[in-house]
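Below: one structure, written as structure tokens.
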Amino acid sequence: MSLHRLALAIVLAAGLAAQEESKRLNHHRVASKGSPAPEPGAELQTIPSLVEGLRSPDDWYKKRRPELMALWTRILGKLGPNKQDRRWFGDIRKTKVYETQETEKYTRIRLDLPIEKDFYQKHLLLLPKNQGRGPFPAVICWTSTTPDFTAPEEWWGKWLAENGYVVLTSWSFIRNYRDGTSYRSNTAGRLLNERFGHWLPIAKMVHDAQREAQYLRSLKQVDGKRIGFIGFSLGAKAAVYVAAFAPEIQATVALDPHIAVNGGTNWYAPWYLDWLHPFPDIPTEQRTVLSLLNPDPKRPGFEHDHHELMALTAPRAFLLIGGARRCEDCGGDSDDLESWGYFNRAREVFELLGIPERIQFVLTNDGHKPNGPEINPAWKAFFERWLKRGS
């Protein structure tokens, strides 16, 4: 079967599954033993609608969306550097190039980018060769918690570069930050807080991706209006926030982030959302990120969750890929059947805006992996539609 036909079959299957799961609007059961909010019975509670009371796209863009942006900016601390912070950011084009290799269809360049003036992050740049003059669409590819920054070349980058995309692979700063520190013992988060104040690590990841997009736009080989992002696991968690808060990213793939804020994974960790981070300037009863996400702790299930971020992506394109179609609640890292509730609530916003095709959920049985027989056709077809051909 050709790639096109296989991708079409998966999209159709996803469409049928979406119809079957269209009534799923409940929270995910809390399966993570480390969650600061166990929330027994959450899976019995309905996820709040984002379109209730809205009559038109204007109602979304002028009322509901600004309200959500204000709330999440408060939660994250900031969406980008303030005036004082900007002294730490210089010219992203001042790269350090270490090695250049030629393959049949692309040039492979090992380089470091100055994400901050005193922090050069490791990257791999893949430039299409013998495929026309361009400019080409580009995709930023982030790895997960264990492999290094070059792993996405094998996962997605080789195919992308050999099919007319510029590729930039890297990893989150919590894997490799100043002086080689990482998320272990929250060292990266502590360094971030010491320099920038209240700026949650997941939000700093968004800005790092924006810096990478800025670098890509400086290249003559890149069409700056067609930049995408793909991440797996840790990289997928970053992708959810990049999609919502980085408008220069036109198409985003989050591959097994476990979309529920309070499901089976660790969004609460200090190197992501840091739920117990204090806000000393607001009343005692609302002193943490957790209290902003879950303002009524007596009600199982969070009032604010990642369906809001998927909705904030609109009108840009977003693909969620999950690895656990086999069960209601698999626990662990994979998105499973219970993720449909969050997707369905976000899709209601895309439907209100008249662009339901721009948000997709492909639920597979490939497991918590960056590749698989169902995973690969999904992200390939998505980028071909929303980056190669344009939106």
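The values are calculated or read from the model by the stated rules, or taken from the named source; none is laboratory data. What you are looking at is a predicted structure, and each value in this text was computed from that prediction instead of being measured. FYI the Cβ positions are ideal-geometry reconstructions off the backbone, even for glycines, and counts take in every protein chain you see.
A few points about this structure:
- Only one entry in 261, 253 is in a strand (DSSP E or B), crowded, with 24+ Cβ neighbours inside 10 Å and among the hydrophobic types (A, V, I, L, M, F, W, C), namely 253.
- Wholly enclosed strands (runs of 3 or more DSSP E) of region 102-196 bearing at least 1 residues farther than 30 Å from residue 274 by Cβ, touching a residue at least 40 places away in the same chain (Cβ under 8 Å) and aromatic (Phe, Trp, Tyr): 106-116, 136-142
- Of all residues making up region 288-325, the number that are touching a Leu at 6+ places or on another chain (Cβ under 6 Å), charged (D, E, K, R) and either free of Cβ contacts under 8 Å to residues at least 40 places away in the same chain or surrounded by fewer than 20 Cβ atoms within 10 Å (Cβ to Cβ) (or both): 1
- Listed by position, the helices (runs of 4 or more DSSP H) contained in region 298-391 that have at least 3 residues being within 30 Å of residue 132 (Cα to Cα), in contact with a Pro (Cβ under 9 Å, 6 or more places away or on another chain) and modelled with pLDDT of 95 or more form an empty set.
- Just one of the numbered conditions (1) in contact with a strand residue (DSSP E or B) (Cβ under 6 Å, 6 or more places away or on another chain); (2) free of Cβ contacts under 8 Å to residues at least 24 places away in the same chain is not true of residue 58: (1).
- In region 241-250, the residues that are part of a loop (DSSP other than H, G, I, E, B) and either in contact with a Phe, Trp or Tyr (Cβ under 9 Å, 6 or more places away or on another chain) or aliphatic (A, V, I, L, M) (or both): 246, 249, 250
- Lone unmet requirement of (1) modelled with pLDDT under 95; (2) part of a loop (DSSP other than H, G, I, E, B); (3) in contact with an Asp or Glu (Cβ under 9 Å, 6 or more places away or on another chain) for residue 291: (2)
- Consider region 326-359 and keep the residues that are under 15 Å from residue 261 (Cα atoms) and touching a helix residue (DSSP H, G or I) at 6+ places or on another chain (Cβ under 6 Å). The one that is surrounded by the most Cβ atoms within 10 Å (Cβ to Cβ) is 342.
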